[in-house]
Amino acid sequence: MSTVGDEKLRISDLHAFYGESHILHGIDMTVMQGELVTLLGRNGAGRSTTLRSIMNMVGKRTGSININGRETIDMPAHKIAHLGMGFCPEERAIFSSLNVEENLMLPPAVRSDGMSVEEIYEMFPNLYERRMSQGTRLSGGEQQMLALARILRTGANILLLDEITEGLAPVIVKTLGEVLLKLKERGLTILLVEQNFRFAAPIADRHYVMEHGHIVEEVHAHELEAKAEMLNTYLGV
């Protein structure tokens, strides 16, 4: 079992804009190596924009985003990826003209210590069975597994995951939870945007709660029971 290690991500006074719209208002957070941290909140709270801001995929951002000890606020997205940052967007971006294995092999490696194809198929046996199928013929759950597997092969060791359980069957959600715990055991660092609190609660070390582009609470795993009423208020559950 891995232990929490060095600081992998530090965000200070992050503001983000789409055109004239000011979406994030001074975000501060840290994520340590081997941690699984969630961003919780209602739709429109700014959680997905936070992930896109880390990757410099917003119109404008100000503040400080430190990845593995390097300031990246002025760094283009492709260079951020080469620091070991892997982004799995909500829309998955599976290529319809490619089969599963071609989709898996498409992104270039950003680090030399990515998971091998054999390791990925061991972690996702469904993908091995469907490896010659066209990407868009997969179920929603299989497409989500492929989107995650594609990042793991590149060598990314800090994962930004956006709503990976949305619309999926409970059995697939359970499988994804088991996969995230295995990745945590390998020492990977995970920042997860998640609407399904029942999925996030048992696997996360900490939770940041967002509202209107602000972080309003930080909750550690051992505080969940004591802060349940407050979380229910913010999450509308």
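Scan the stretch 173-188 for residues that are open to solvent by less than 30 Å² (accessible area, probe 1.4 Å), out of contact with any Pro (no Cβ under 9 Å at 6 or more places or on another chain) and either among the small types (Gly, Ala, Ser) or in a helix (DSSP H, G or I) (or both) and jot them down. Spell out how you get there, then give the answer.
Initial filter on the stretch 173-188 (open to solvent by less than 30 Å² (accessible area, probe 1.4 Å)): 173, 176-177, 179-180, 183-184, 187-188.
Adding the requirement that they be out of contact with any Pro (no Cβ under 9 Å at 6 or more places or on another chain) leaves 173, 176, 179-180, 183-184, 187-188.
Val173, Leu176, Val179, Leu180, Leu183, Lys184, Gly187 - these are the residues of the stretch 173-188 that are open to solvent by less than 30 Å² (accessible area, probe 1.4 Å), out of contact with any Pro (no Cβ under 9 Å at 6 or more places or on another chain) and either among the small types (Gly, Ala, Ser) or in a helix (DSSP H, G or I) (or both).
Mind listing whichever residues of the stretch 149-163 are part of a strand (DSSP E or B) and surrounded by 24 or more Cβ atoms within 10 Å (Cβ to Cβ)?
Residues satisfying the conditions are Leu160, Leu161.
Counting just the residues of the stretch 119-131 that are more than 13 Å from Met105 (Cβ to Cβ) and free of Cβ contacts under 8 Å to residues at least 40 places away in the same chain, which one comes out surrounded by the most Cβ atoms within 10 Å (Cβ to Cβ)?
Pass one, the stretch 119-131, residues more than 13 Å from Met105 (Cβ to Cβ): 119, 122-126, 128-130.
Now drop any that are not free of Cβ contacts under 8 Å to residues at least 40 places away in the same chain, which leaves 119, 122, 125-126, 128-130.
Numbers: Glu119: 14, Glu122: 11, Pro125: 11, Asn126: 17, Tyr128: 15, Glu129: 12, Arg130: 20.
Taking the candidates together, the pick is Arg130.
When Gln134 is evaluated against the numbered criteria (1) touching a Pro at 6+ places or on another chain (Cβ under 9 Å); (2) of a type outside the set (Val, Ile, Thr); (3) farther than 28 Å from Ile203 by Cα, which criterion, by number, is the only one it fails?
Among (1) touching a Pro at 6+ places or on another chain (Cβ under 9 Å); (2) of a type outside the set (Val, Ile, Thr); (3) farther than 28 Å from Ile203 by Cα, Gln134 violates only (1).
For the structure I just gave you, tell me whether Ile190 is farther than 20 Å from Leu51 by Cα and either in contact with a strand residue (DSSP E or B) (Cβ under 9 Å, 6 or more places away or on another chain) or hydrophobic (A, V, I, L, M, F, W, C) (or both).
On the way: farther than 20 Å from Leu51 by Cα: no; either in contact with a strand residue (DSSP E or B) (Cβ under 9 Å, 6 or more places away or on another chain) or hydrophobic (A, V, I, L, M, F, W, C) (or both): yes.
So Ile190 fails the test.
One residue is enough: does the stretch 27-49 have a residue meeting the conditions buried (at least 22 other Cβ atoms within 10 Å of the Cβ), assigned to a helix (DSSP H, G or I) and at pLDDT 95 or above?
yes
What is the residue count in the stretch 123-132 for residues that are more than 27 Å from Leu83 (Cβ to Cβ) and assigned to a helix (DSSP H, G or I)? Step through it out loud before you land on a result.
Filtering the stretch 123-132 down to residues more than 27 Å from Leu83 (Cβ to Cβ) leaves 125-126, 128-132.
Still in the list and also assigned to a helix (DSSP H, G or I): 125-126, 128-129.
Residues meeting the conditions: 4.
Would a scan of the stretch 154-161 turn up a residue that is over 23 Å from His220 (Cβ atoms) and in contact with a helix residue (DSSP H, G or I) (Cβ under 9 Å, 6 or more places away or on another chain)?
Looking through the stretch 154-161, at least one residue is over 23 Å from His220 (Cβ atoms) and in contact with a helix residue (DSSP H, G or I) (Cβ under 9 Å, 6 or more places away or on another chain).
Using the structure shown, decide if Pro107 is open to solvent by 40 Å² or more (accessible area, probe 1.4 Å) and more than 23 Å from Asp205 (Cβ to Cβ).
Numbers: open to solvent by 40 Å² or more (accessible area, probe 1.4 Å): no; more than 23 Å from Asp205 (Cβ to Cβ): yes.
No; evaluated as a whole, the condition is false for this residue.
Table: residues versus (1) over 17 Å from Leu9 (Cα atoms); (2) out of contact with any helix residue (DSSP H, G or I) (no Cβ under 9 Å at 6 or more places or on another chain).
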site	(1), (2)
His82	no, yes
Gly86	no, no
Ser96	yes, no
Pro107	yes, no
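Looking only at residues that are at pLDDT 95 or above and outside any strand (DSSP E or B) in the stretch 59-75, which one is most open to solvent (accessible area, probe 1.4 Å)?
This residue is Asp74.
Restricting the search to the stretch 76-100, which residues are charged (D, E, K, R) and either assigned to a loop (DSSP other than H, G, I, E, B) or crowded, with 19+ Cβ neighbours inside 10 Å (or both)?
Of the stretch 76-100, the ones charged (D, E, K, R) are 79, 90-92.
Within the stretch 76-100, Glu90, Glu91, Arg92 qualify.
If Ile80 satisfies all but one of (1) β-branched (Val, Ile, Thr); (2) more than 22 Å from Gly114 (Cβ to Cβ); (3) under 17 Å from the mean Cα position of the chain (by Cα), what's the number of the condition it fails?
(2)
Of all the residues that make up the stretch 143-175, how many are within 17 Å of Val100 (Cβ to Cβ) and out of contact with any Phe, Trp or Tyr (no Cβ under 7 Å at 6 or more places or on another chain)? Reasoning before the result, please.
Start the filter on the stretch 143-175 by keeping residues that are within 17 Å of Val100 (Cβ to Cβ), which leaves 143-154, 172, 175.
When the remaining residues are screened for being out of contact with any Phe, Trp or Tyr (no Cβ under 7 Å at 6 or more places or on another chain), the result is 143-144, 146-148, 150-154, 172, 175.
Qualifying residue count, the stretch 143-175: 12.
The values are calculated or read from the model by the stated rules, or taken from the named source; none is laboratory data. Here the structure is a predicted model, which means the values were calculated and not measured. Don't worry about glycine lacking a Cβ; one is built from the backbone with ideal geometry, like all the others, and counts go over all protein chains shown. Quick note on the areas: whole protein, heavy atoms, side chains included, nothing else; ligands and nucleic acids left out. Shrake-Rupley method; radii C 1.70, N 1.55, O 1.52, S 1.80 Å.
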